[in-house]
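Everything below concerns the one structure shown next.
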Amino acid sequence: MQLPENALDMVQHEQEYALTKQLSATVNALLPALERFTAFDSPERTARERTSWTAQLEESLPQVGQGSQAVIEQLRDVVIPHGLRAGHPGFSGWIATMPTTLPAAAHLVSAISGPLCVAVQSYNLLEELASNWLRELVGLPPHFRGVFTSGGSVANLIGIGAARQYAYEKRGIDPAREGVVALPQPRIYTSDQVHHVTYRAAAVLGLGRTSVVTLPATHDFHIDVAMLRARIEEDEAQGCTPVAVVANAGTINTGTIDPLPELIQLCQEKDIWLHVDGAYGLLGVLDPRVAPLYGDLSSCGSLVVDPHKWLATSMGCGAVYVRDKKLLERAFTLMPAVYMEDAQPIYMSDTELTSQYDDLGYEFQNYGVEHSLPSRGVEVWAVLKEIGVEGVRSRICRHNSYARHLAERILAAPHLELAAPVVLSTCCYRYVPNELAGRTDAEAVTTLNQLNRIILGRVRARGRVMPSATNLGQMFVLRGCFINPRMTLAEVDAHAEEVEQCGAEVWSELSPQ
Ligand SMILES: *Cc1c(COP(=O)(O)O)cnc(C)c1O
């Protein structure tokens, strides 16, 4: 590899530097394409046109730069139009959506003017402020330490990491320092409705995937507390180390909330850490119809909530709250880095800072697994300031009502069957033709699963609504999860209509005449 002829050739640098100045021109050139994308006024063709846009993008690494205009044009003409349309009003698949405008704007703004979350600056303050606002929003007291993460996956890792710290310290071991080998058979208890990120957290934390005891859920998809108690007592008798109970406040499959008041009581009695995975559903506590299901959340050890789900910030924003700040710090602190804390200049006067680099501000890197942190709180702050507690509550209640409304439509429809009780904003159902109604034999189950798979494909291809699907026991079911701020009641109704129509079509094609 050759060194460029004169590495200090300033002409090259001047060209590069000039490009950093073209903010308005660059963003303005892209905005019309974004407006078009978010209008969702033409059908999705990204899948059908995959070959053509893939071919346009798949070039080899450019040896010589093509210039900003070439990049802007490709972003505008190829990348943006073929992005993921998860903000389409009819999208109810997964538990994901597109950010609303303001947090998306805050994302751009912070990428530029808050590139790191440390030091004396507005974004550092907003990170702390937003963390406190969100804590207050879900009803947790001030001693809970919050930290924003890249999402629910890392938030769960941190919460369960705090549980590990607690369980091992009780037995005289600091697992962050000494590792986890010293104690026998760690156990994390949860139901089979848990999100898979719990298994990975157990793996990463050195407890192992097999430490997760997955109890079969009840027929309405929550953890069976009596079975849990029996299992814990059996394990205790065998000398196992209970590390945590992982409860769900809004399971991914059905939106079910585990019986938190009973779990809180059990965990207090046994002195076991209760971790609540509310990545999706913790904000459901704002809906008075379901609020009692959450119990006294301040009695939990740690709780997760994902602003990038129901609060519709841009993707990459989760949060975890842990009841004991010092414990969390022992689990996740960075060893003081000499080039930062110890390398601060000494000031003659300690009353006034003269540079924003003189103080690290609120230090979040000691409560998680990241070091260079982006500013995430600014987006949460932006949403909460924009719509307030009442705005969030009205969104949550509206979406929960959507799921109830769809359930009513399903119960009233001749060929639709509700597959799980509706608790939050998730509704699971399937198409059942007359010929298969009431049948539970293996052949009927297989046929119904096959039929509903084909229906799902057809519904999505028609493009009015985009539900997803899941398996509940042996049953393949369609699933709408409503967290999308752009969705209206018309699209909720369309779920029932589309599945009825496509179901009738597919069944008549499949069934022998
Ligand atoms: C989404 C979700 C997760 C995973 O969170 P990510 O933000 O996708 O990393 C974990 N648990 C539950 C209940 C979820 O809904």
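Every number in this text was worked out from the coordinates using simple rules, so none of it is lab data. Here the structure is a predicted model, which is why all the values come from computation and not from measurement. Neighbour counts are summed over all protein chains in view; Cβ atoms, including those assigned to glycine, are modelled from backbone coordinates with ideal geometry.
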Completion exercise
Of the residues 401, 411, 374, the Cα lying farthest along the dipole of the stretch 352-453 towards its positive end, which is defined by charges on the beta carbon of Lys, Arg, Asp and Glu, belongs to 411
Problem - Two-site FRET efficiency, residue 490 against residue 101, from Cβ-Cβ distance with R₀ of 22 Å, rounded to 0.05 - result: 0.55
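At R0 = 25 Å, how high is the FRET efficiency between residue 9 and residue 358 if r is their beta carbon distance? Nearest 0.05 is fine. Before the final figure, lay out each step's value.
Numbers: r = 36 Å, r/R0 = 1.45.
Plugging the Cβ-Cβ distance into 1/(1 + (r/R0)^6) gives 0.10.
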Completion exercise
Here the percent of antiparallel bridges among DSSP beta bridges lying wholly in the chain, to the nearest 5, is 55 percent
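Any idea what the relative contact order of the chain is, in percent, if you count C-alpha pairs under 8 Å spaced at least 6 apart? Please report the intermediate quantities before stating the final value.
Details: 844 pairs, mean separation 104.0, N = 513.
Once normalised by length, the contact order is 20 percent.
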Problem - Inter-part distance where the stretch 191-206 and the stretch 9-27 are each reduced to a Cα centre, Å - result: 46 Å
Fill in the blank from the handout: For 25-31, 469-475, ranked highest to lowest by mean beta-carbon neighbours within 10 Å, the order is 469-475, 25-31
Problem - DSSP bridge pairs, the stretch 103-385: antiparallel proportion in percent, nearest 5 - result: 40 percent
Fill in the blank from the handout: The lysines whose Cα lies under 22 Å from the Cα of residue 170, excluding any fewer than 8 residues away in the same chain, are 270, 325, 326
Problem - Spacing of the two label points (7 Å from each Cα toward its C-beta) at residue 41 and residue 219, in nm - result: 5.1 nm
Exercise for the section: Run the quick spin-label model on residue 291 and residue 389: label points 7 Å from Cα toward the beta carbon, then report their separation in nm to one decimal. Expected result: 0.9 nm
Exercise for the section: Scan around residue 420 for amide H atoms under 5 Å from its own, H built in the peptide plane at 1.01 Å from N, and keep only partners 5 or more places away or cross-chain. Expected result: 428
Handout entry: Partner lysines for residue 385 [C-alpha distance under 24 Å; skip if fewer than 8 residues away on the same chain]
Key = 309
Handout entry: Distance between the stretch 484-510 and the stretch 307-333 - C-alpha centres, whole angstrom
Key = 37 Å
Handout entry: In sequence order, calculated HN-Hα J values of the stretch 419-434 (Karplus, 6.51, -1.76, 1.60; Hz; x Gly/Pro)
Key = 9, 7, x, 8, 10, 9, 9, 10, 9, 10, 7, 8, 8, 10, x, 3
Practice task
Under 19 Å from a label point 7 Å along Cα→Cβ of residue 108: give me every residue in the stretch 21-55 with its amide N that close.
Solution key: 21-40
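Using a Förster radius of 25 Å, what is the FRET efficiency between residue 56 and residue 30 based on their Cβ-Cβ separation? Nearest 0.05, please.
Details: r = 17 Å, r/R0 = 0.68.
Computed FRET efficiency for residue 56 and residue 30 comes out at 0.90.
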